[in-house]
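Down below is the structure, laid out as structure tokens.
The values are calculated or read from the model by the stated rules, or taken from the named source; none is laboratory data. As the structure is a prediction and not an experimental result, all values here were calculated from the model. Neighbour counts are summed over all protein chains in view; Cβ atoms, including those assigned to glycine, are modelled from backbone coordinates with ideal geometry. Surface areas here come from the heavy atoms of the whole protein model, side chains and all, with no ligands, DNA or RNA. Shrake-Rupley method; radii C 1.70, N 1.55, O 1.52, S 1.80 Å.
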Amino acid sequence: MHSEPNILKRHDLDSLNAIERAFHSGPLSEAARSAPEIERRRGLSPEQFEREYRHHTRPVVLEAHVADWPSVRTWSFDHLSERSGTVPVVVDGYNSKAARETTLAEFVSMLEQNKDSAASPVYLQEWYYQTSAPELAADMPEMDIAQYDFRRNLYGEAASTNHQLWLGQKGGVTRLHRDSYTVDVMHAQIIGEKHWYVMAPTAELHADTDADWKELAAAPETELMQCVLKPGDVLYLPANWYHRIELLSDSVGLGRKCLDEANLQDHIRQRMTELLALALNPEEVKRTHPELFEVVLMRARTWAKRMNIDLAKLRP
Ligand SMILES: O=C(O)CCC(=O)C(=O)O
């Protein structure tokens with residue numbers, strides 16, 4: 001098997017755990033806590049956003065950019081539970097051992113029960129709510145800065161608005177990763193606060209699990225930065241930037257991905273690679289991506305559904 005030299009790009013459990021440990025103690029963790037802040041801008045127009053950030057592929061926090069969204073103004077966990085409580089969800093889907101199916105109402109009860117206990121925080125990650133709870137969508141209207149998303153042209157309106165909600169408990173973590181399919185991240189914070197640590201696509205460390213994290217933190221190409229997102233803030237993170245997230249409080253955020261037309265070829269290639277690997281070589285995929293296998297399968301199924309693709313047929 002081809003072995004990926006850059007530990008940040010590997011998906012095996014040992015590498016993922018080693019990176020996570022390095023964020024908890026040692027030189028990388030120290031560097032992360034004192035890393036420069038991602039620039040924060042308030043009242044940025046879409047034109048300024050394009051000119052000053054997107055065209056330079058520079059991350060930025062757009063402060064209070066969606067502060068007037070109904071979700072930001074009115075949502076609470078209880079509100080979501082009352083409104084869409086019977087909807088099925090997968091909790092802790094990013095952890096193959098902890099992942100389990102439940103309902104949104106049950107998940108909200110878990111948050112409450114877990115509050116003062118020593119149990120691991122629960123996290124409902126990458127929830128494609130639009131297929132199962134479309135009634136929530138109107139509370140998160142389209143962003144003016146997301147007009148460039150080329151997925152509309154590629155997949156049509158329904159699949160291009162395949163956004164994700166992230167609902168989790170204080171202390172929850174999404175481990176360091178880059179988003180699949182070369183899409184830009186636009187993350188809108190709705191409830192609570194999240195701490196993001198990011199690194200540039202050029203960050204690399206050729207190492208096994210006993211990596212020299214000091215070297216990674218010190219390299220100019222790493223561009224380690226951080227920010228805290230508060231309700232109404234939006235983080236723009238260009239494609240292929242690494243990110244790791246810690247929940248500072250119980251939190252809800254919307255992941256709204258955008259495809260830059262310049263990344264179209266990479267996007268298609270990655271989608272095709274993933275679909276062909278899942279279809280033709282699922283056992284190997286399961287072995288090399290043990291933590292991601294179920295998530296990737298769920299993602300492909302959701303996408304097929306949004307595209308109106310009948311998985312029982314070869315052709316529509
Ligand atoms: O909020 C999180 O925990 C992760 C969000 C994320 O990775 C994303 O929106 O791309």
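When residue 89 is tested against (1) under 28 Å from residue 237 (Cβ atoms); (2) modelled with pLDDT under 95, exactly one condition is not met: (2). Only one entry of 223, 246 meets the criterion of being charged (D, E, K, R) and on the phi > 0 side of the Ramachandran plot, and that entry is 223. Residue 272 meets the conditions (1) closer than 29 Å to residue 53 by Cβ; (2) open to solvent by 30 Å² or more (accessible area, probe 1.4 Å); (3) of a type in the set (A, V, I, L, M, F, W, C) in every case but one. The failed one is (1). For residues in the range 192-207 being within 16 Å of the chain's Cα centre (by Cα) and open to solvent by less than 40 Å² (accessible area, probe 1.4 Å), which is nearest to residue 249 (Cα to Cα)? Residue satisfying both the conditions and the ranking: 194.
Checked against (1) among the acidic types (Asp, Glu); (2) within 10 Å of the ligand (Cβ to nearest atom); (3) surrounded by fewer than 20 Cβ atoms within 10 Å (Cβ to Cβ), residue 139 meets all criteria but (2). Within the range 166-216, being part of a strand (DSSP E or B) and of a type in the set (Lys, Arg) holds for 175, 194. Take the residues in the range 247-265 that are within 12 Å of the chain's Cα centre (by Cα) and surrounded by fewer than 22 Cβ atoms within 10 Å (Cβ to Cβ), then tell me which one is farthest from the ligand (Cβ to nearest atom). Residue satisfying both the conditions and the ranking: 257.
The single residue among 36, 121 that is under 20 Å from the mean Cα position of the chain (by Cα), closer than 30 Å to residue 201 by Cβ and in contact (Cβ under 8 Å) with a residue 24 or more places away in the chain turns out to be 121. Residues in the range 106-125 that are in a loop (DSSP other than H, G, I, E, B) and within 15 Å of the ligand (Cβ to nearest atom): 120, 121, 122.
Scanning the range 208-230 for any residue that is in contact (Cβ under 8 Å) with a residue 24 or more places away in the chain, closer than 22 Å to residue 75 by Cβ, open to solvent by less than 10 Å² (accessible area, probe 1.4 Å) and within 11 Å of the ligand (Cβ to nearest atom) turns up at least one such residue. Looking only at the range 150-193, residues that are closer than 28 Å to residue 203 by Cα, more than 14 Å from the ligand (Cβ to nearest atom) and touching a Ser or Thr at 6+ places or on another chain (Cβ under 6 Å) come to 1 in all. Scanning for something in contact with a Ser or Thr (Cβ under 8 Å, 6 or more places away or on another chain) and farther than 22 Å from residue 299 by Cα, does the range 86-105 turn up at least one residue? Yes, because at least one residue in the range 86-105 is in contact with a Ser or Thr (Cβ under 8 Å, 6 or more places away or on another chain) and farther than 22 Å from residue 299 by Cα. The sole residue among 172, 232, 168 that is under 18 Å from the mean Cα position of the chain (by Cα), on the phi > 0 side of the Ramachandran plot and not β-branched (Val, Ile, Thr) is 232.
Looking across the range 126-136, the residues that are assigned to a helix (DSSP H, G or I), touching a residue at least 12 places away in the same chain (Cβ under 8 Å) and either aliphatic (A, V, I, L, M) or open to solvent by 40 Å² or more (accessible area, probe 1.4 Å) (or both) come down to 131, 132, 135, 136. Note down all Cβ pairs under 7 Å where the first residue falls in the range 142-171 and is within 19 Å of residue 46 (Cβ to Cβ) and free of Cβ contacts under 8 Å to residues at least 24 places away in the same chain, the second is hydroxyl-bearing (Ser, Thr, Tyr) and open to solvent by less than 20 Å² (accessible area, probe 1.4 Å), and they're at least six residues apart or on different chains. Close Cβ pairs satisfying both conditions: 152/160.
Count, please, the residues in the range 277-316 that happen to be assigned to a loop (DSSP other than H, G, I, E, B) and of a type in the set (D, E, K, R).
Final tally of qualifying residues: 4.
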